[in-house]
Amino acid sequence: MSKNLIRASVCALLLTACHTEPAVEHYINVSGEIAGAQGKYLKIIDMTQMGLKPDSILIDENGQFGFSQKSVEPKDFVLYIEPENNIRLLPCLDESVVVSASYPNLVESYNVSGSAESERLSALLKQHHLCNYVLDTLNHYYMANQLSRNLNKIIESVRQQSDSVLKADRQMHEQFIRQQPGSLASYVALSSKLGLRTNLFDIEKDYEFFEMVDTALMNRYDTIAITTMLDRYVKQAKAVSVMRPKRGGGIAVGDTMPDLAMPNPYGDTIRLSKLAGKYVLVNFWGSWCRPCREQHVELRRVFRAYRNRGFDIYSVALERSLDDWKNTIREDRLIWINHVSELNYMDSRAARQLGVESVPFNVLIDGNRVVIAKNLTPSELNTKLAELIK
């Protein structure tokens, strides 16, 4: 090949490279109107990017707002003015989502168009919010009648109605996931909470649902943040389950709790028997356990309500790192003082002794260390203590 021909070929290649078509850019557009929220700031959290601080945009004098974001994948946005009352959106690429809502009841009032996934999620969240509203109403009724002569009947009535609502809520979520496991809304459904911030689905007990959604989403979106986060969580849970040694025995209601003795964060040994005469929740948890930490908010409330009425918490952390343990006690504001750990994770002698295979795990004992109940949610613990402590 002649030198001139070679030069011509190289120039042609360079010219071709310079004229390569630019990559197509994708945007997600969100706009809407929130009646009654004029002049307030709307916070926006991108749940696909962990650790980012929320953005803020001003809602104008007409109650309108809007933003646009360049993206390469679907997003999971939470929009709120106050955190406990929010709008959740699942926009896909090149969608223009339109939201309408009324302040302050955003979750009850919001409607969405322009995003099929967001519309599916909206319908699910509204039904779930209604269930939680009924549970809150029942709880307020119970709290307002604690001095009633008919307290036992009220407790039983509230428990029956609450169980019925919880069962209906759970069935609704199960049906939603089974019918559309490949929907991004099913990913959100797995994290739904019931009552006092207790997870509706538990990775240990409900692994089939997590695996179902994980498999369907991996077949549909195998590289996006939502899918990879869920896939990592499911694989980790499965690995822990396989590696965890099965434990024999266990402790049952009516048994006498052994006198546990373990070091606190400062190296001092704390014995369970020092709390003799009190109702004590022996609570197994870990800084790495998301459901455990989500229960801490309500557990603090129960502790404050009953700590001066003969109740305490003996908190057993299944940890490897002293720093992680101490930091979590501070971050989650665990205000009870009886914190102990052997710092050997799931090989804890106390956990083996009681047959603990997963956390959260707890045992409620009386003043003689006799087991009254096991694995109570904070809401159930509150109800139980109300029965025990007049």
Boolean, E108 is at negative phi and either at pLDDT 95 or above or loosely packed, with under 14 Cβ neighbours inside 10 Å (or both): no
Selection status of I177, outside the structural domain of I44 (by TED's automatic domain parsing), closer than 18 Å to D76 by Cα and part of a helix (DSSP H, G or I): yes
Hits in the stretch 72-117 - residues which are in contact with a Gly (Cβ under 9 Å, 6 or more places away or on another chain) and outside any strand (DSSP E or B): P91, E95, Y103, P104, Y110
Selected residue (only one of L151, L147, L135 is in the same structural domain as F210 (by TED's automatic domain parsing), out of contact with any Phe, Trp or Tyr (no Cβ under 8 Å at 6 or more places or on another chain) and either at pLDDT 85 or above or under 25 Å from S109 (Cα atoms) (or both)): L135
Selection from the stretch 172-196 of residues that are surrounded by 19 or more Cβ atoms within 10 Å (Cβ to Cβ), closer than 30 Å to D222 by Cβ and not hydrophobic (A, V, I, L, M, F, W, C): H173, P181, S183, S186, Y187, S192
The listed residue being buried (at least 16 other Cβ atoms within 10 Å of the Cβ), touching a strand residue (DSSP E or B) at 6+ places or on another chain (Cβ under 9 Å), among the acidic types (D, E) and part of a helix (DSSP H, G or I), out of D169, D214: D169
Some residue of the stretch 354-375 being at pLDDT below 90, surrounded by fewer than 19 Cβ atoms within 10 Å (Cβ to Cβ) and hydrophobic (A, V, I, L, M, F, W, C): no
Test: residue in the stretch 33-55 that is touching a residue at least 40 places away in the same chain (Cβ under 8 Å), assigned to a loop (DSSP other than H, G, I, E, B) and basic (K, R): yes
Filter result (crowded, with 18+ Cβ neighbours inside 10 Å and not aliphatic (A, V, I, L, M)) within the stretch 313-329: Y314, S315, E319, W325, T328
Residue match in the stretch 162-173 (condition: farther than 20 Å from T48 by Cβ, in contact (Cβ under 8 Å) with a residue 40 or more places away in the chain and among the polar types (S, T, N, Q)): no
Boolean, V107 is in the same structural domain as S31 (by TED's automatic domain parsing), under 18 Å from the mean Cα position of the chain (by Cα) and among the β-branched types (V, I, T): yes
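Please find, within the stretch 376-390, the residue that is surrounded by the most Cβ atoms within 10 Å (Cβ to Cβ) out of those that are part of a loop (DSSP other than H, G, I, E, B) and not polar (S, T, N, Q).
Filtering the stretch 376-390 for residues part of a loop (DSSP other than H, G, I, E, B) gives 376-377, 389-390.
Next, from what is left, pick out any that are not polar (S, T, N, Q): 376, 389-390.
Working: L376: 20, I389: 12, K390: 8.
Out of the qualifying residues, it is L376.
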Any hit, the stretch 48-65, residues being in contact with an Asp or Glu (Cβ under 7 Å, 6 or more places away or on another chain), under 24 Å from I226 (Cβ atoms) and buried (at least 19 other Cβ atoms within 10 Å of the Cβ): no
The lone exception for I335 - which of (1) over 16 Å from S287 (Cβ atoms); (2) aliphatic (A, V, I, L, M); (3) assigned to a helix (DSSP H, G or I) it fails: (3)
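Having 1 or more residues that are under 28 Å from the mean Cα position of the chain (by Cα) is the bar; report the strands (runs of 3 or more DSSP E) wholly within the stretch 251-322 that clear it.
Once the strands (runs of 3 or more DSSP E) in the stretch 251-322 are filtered for at least 1 residues that are under 28 Å from the mean Cα position of the chain (by Cα), what remains is 279-285, 311-317.
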Matching entry among Y279, Y266 (being at pLDDT 85 or above, aromatic (F, W, Y) and surrounded by fewer than 18 Cβ atoms within 10 Å (Cβ to Cβ)): Y266
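The values are calculated or read from the model by the stated rules, or taken from the named source; none is laboratory data. Here the structure is a predicted model, which is why all the values come from computation and not from measurement. When we count neighbours, we look across all protein chains shown, and the Cβ atoms used for this are built from the backbone with ideal geometry, even at glycine.
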